[in-house]
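A short write-up of the structure that comes next.
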Amino acid sequence: MKLRHTLISLPTEGIWLDGLLSHAPDVRALAIVLQPNAHHPARARESLIAATLQEAGFATLTMNLLTHYEESRDPDAHFNVPLLANRVLAAADWVLHQPPLVGLPIGLVSLGTASGAAIRAAAKSPECFGALACLGGRPDLAGAAPLRTLVRPVSFIVGSQDEGLEMLRQAYDLITATRSWKTLDSGDFIHADDAAIRSGASLATEWLISHLPERPPAIIEPPTAGVDAPLVSPSATPQHPE
């Protein structure tokens with residue numbers, strides 16, 4: 001499967017979020033890899049996760065949930081889980097307006113505090129997502145009500161020495177949806193080596209394959225002008241507030 005890689009800027013709430021879309025016509029589903037920061041979407045750890053998903057036939061959208069400006073102005077911005085959750089929903093809305101992506105089942109793979117945002121977004125709009133995989137992180141920050149009302153299948157994939165394992169277990173116990181707890185023998189997942197990252201990504205991939213709905217059959221239509229045009233991406237970056 002030959003993928004097309006496109007850097008995108010996704011509009012939401014007056015700002016643009018950076019992302020990297022990797023897509024081909026014959027993918028099985030779309031996995032959105034969520035970063036609770038403004039790192040380059042092609043950085044090493046996220047690239048390993050995306051590559052593992054792509055090898056299994058997924059399109060991927062690796063997406064930042066913060067801008068560099070927001071991150072530099074407020075070091076704690078990545079803890080604003082309600083804001084991050086709204087941006088996860090904005091990503092789903094963006095996908096629905098991209099013709100090559102319409103109809104693809106969507107899974108969420110999240111890291112850090114984006115895990116809490118993913119659960120909160122899926123609890124609010126379950127029709128947008130098919131399944132979730134939290135690679136370490138802080139799914140507990142979703143809050144008790146979203147954890148209890150979540151209906152989509154979710155997997156917690158943690159390191160054996162991750163901080164806050166007791167809190168994560170308490171959050172996990174609140175979930176009534178289909179769920180899975182997997183522990184990697186990798187110490188702290190945040191500082192895991194490439195082999196452990198790939199192991200976690202493989203578990204996330206297996207979870208999505210098992211729990212996402214099948215893609216509906218494609219409708220073959222005659223080619224039209226502009227069929228190879230790039231996906232929507234803004235040509236200008238808005239000015240930051242003073």
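The values are calculated or read from the model by the stated rules, or taken from the named source; none is laboratory data. Computed from a predicted model, the values in this text were never measured in an experiment. Because the Cβ atoms are built from the backbone with ideal geometry, glycine has one as well, and the counts that use them run over all protein chains shown. With ligands, DNA and RNA removed, areas are computed over all heavy atoms of the protein, side chains included. Shrake-Rupley method; radii C 1.70, N 1.55, O 1.52, S 1.80 Å.
Quick check on segment 99-110: of everything there that is among the hydrophobic types (A, V, I, L, M, F, W, C) and over 12 Å from the mean Cα position of the chain (by Cα), which residue is surrounded by the most Cβ atoms within 10 Å (Cβ to Cβ)?
For segment 99-110, the residue satisfying everything is Leu104.
Which count do you get for residues in segment 6-18 that are open to solvent by 30 Å² or more (accessible area, probe 1.4 Å), in contact with a helix residue (DSSP H, G or I) (Cβ under 8 Å, 6 or more places away or on another chain) and of a type outside the set (Asp, Glu)?
Residues flagged as open to solvent by 30 Å² or more (accessible area, probe 1.4 Å), in contact with a helix residue (DSSP H, G or I) (Cβ under 8 Å, 6 or more places away or on another chain) and of a type outside the set (Asp, Glu) within segment 6-18 amount to 2.
Here is a yes/no grid of residues against (1) over 14 Å from the mean Cα position of the chain (by Cα); (2) surrounded by fewer than 24 Cβ atoms within 10 Å (Cβ to Cβ); (3) not basic (Lys, Arg):
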{"site": "Arg4", "(1), (2), (3)": "yes, yes, no"}
{"site": "Leu20", "(1), (2), (3)": "no, yes, yes"}
{"site": "Leu34", "(1), (2), (3)": "no, no, yes"}
{"site": "Leu53", "(1), (2), (3)": "no, no, yes"}
{"site": "Arg73", "(1), (2), (3)": "yes, yes, no"}
{"site": "Ala85", "(1), (2), (3)": "no, no, yes"}
{"site": "His97", "(1), (2), (3)": "yes, yes, yes"}
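Would you check if Arg169 is of a type in the set (Lys, Arg), in a loop (DSSP other than H, G, I, E, B) and open to solvent by 20 Å² or more (accessible area, probe 1.4 Å)?
no
Of all residues being within 21 Å of the chain's Cα centre (by Cα) and surrounded by 20 or more Cβ atoms within 10 Å (Cβ to Cβ) in segment 185-197, which is nearest to Leu141 (Cα to Cα)? Just the residue, please.
Here the answer is Phe189.
Six or more apart or on different chains, Cβ atoms under 9 Å: show the pairs whose first residue is in segment 94-114 and of a type in the set (Ser, Thr, Tyr) and whose second is surrounded by fewer than 17 Cβ atoms within 10 Å (Cβ to Cβ) and outside any loop (DSSP other than H, G, I, E, B).
Going by the 9 Å Cβ cut-off, the qualifying pairs are Thr113/Phe79.
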